[in-house]
């Protein structure tokens, strides 16, 4: 594996809790652009050895940071991989959105893949639904039965992959708008879904559903509403069922999203009460995952950096 040239920023807990400057009532119209972000980081996940894998969407690759901080490229030409997750056998699952320009080859279509970490073989788990291609798979999680759940953000859909490979669509527009992050509670009773629609009046919230034994969902309710601020992007949970949502902005980015949502990780108890806020200094915050030998290290992707902070409650690998 070759060395990567991007910088990885590691913040200790005290730094991560630093409060951002208070937002003014009429924030300046400053739009973040790719020119100001050298490596847009996404989708962190941690393997059994403590290596942190995350995606670098602008440069189209999957990165790996070893426990000693050494950074290498795990996969070049990632097919616009975004959300990552290690399954219960520590195979790497990836939501691949495919490049937005140029002709698509067989290996550059929107899909969900699984990589055998011993052989490097990449297996396509889902490439279309009833013959219709996905638009851009975004984030993925799993339940205790090994079933996978993933979002197609621009496609306005949520899918489930059963252990026998069967693909089912469990949510679809117009009942949802732009589904981004997805997470399942440790007791398998609740499915959380991020709605991230930046349009005026768009849904910017965390939805919660009752997850049924057969993998379907019922009883939608609004768990938390971020509107008119920026919604969350990705989420993770600790073993007590608290939900960690990466959300907010420091500067406006040319949408109707305001600075009402602080930029950082918002920690919600299972009843929806905000119990902690972990501030991040950089836009655009995207996702989070737990790791470390005791699962008490929270890793967060934001802007061009990968951040870490210690927490008191161990996290789950979902």
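Looking at the stretch 233-265 only, could you name the residues that are closer than 21 Å to residue 189 by Cα and within 17 Å of the chain's Cα centre (by Cα)? 234, 235, 236, 237, 238, 242, 243, 244, 245, listed by residue number. Checking each residue in the stretch 21-54 for being assigned to a loop (DSSP other than H, G, I, E, B) and at pLDDT 95 or above picks out 47, 48, 49, 50, 51.
Restricted to the stretch 247-264, and to residues there that are in contact (Cβ under 8 Å) with a residue 60 or more places away in the chain and part of a strand (DSSP E or B), the residue that is surrounded by the most Cβ atoms within 10 Å (Cβ to Cβ) is 264.
Grab the strands (runs of 3 or more DSSP E) fully contained in the stretch 55-165, keeping just those with 3 or more residues being surrounded by fewer than 20 Cβ atoms within 10 Å (Cβ to Cβ) and in contact with a strand residue (DSSP E or B) (Cβ under 8 Å, 6 or more places away or on another chain).
Working: elements: 61-65, 71-76, 81-86, 92-96, 111-115, 122-126, 137-142, 148-152, 157-161.
Filter on the stretch 55-165 gives 71-76, 122-126.
Across the stretch 266-278, the number of residues qualifying as touching a helix residue (DSSP H, G or I) at 6+ places or on another chain (Cβ under 9 Å) and within 22 Å of residue 187 (Cα to Cα) comes to 0. Only a single item in (1) over 28 Å from residue 188 (Cβ atoms); (2) touching a helix residue (DSSP H, G or I) at 6+ places or on another chain (Cβ under 8 Å) is not met by residue 284, and it is number (2). Taking the criterion of being buried (at least 19 other Cβ atoms within 10 Å of the Cβ) and assigned to a loop (DSSP other than H, G, I, E, B), the residues of the stretch 187-214 that qualify are 197, 203.
The values are calculated or read from the model by the stated rules, or taken from the named source; none is laboratory data. Remember, predicted model here, so these are calculated numbers, not experimental data. In this analysis, Cβ positions are derived from the backbone assuming ideal geometry, glycine residues included, and neighbour counts consider all displayed protein chains.
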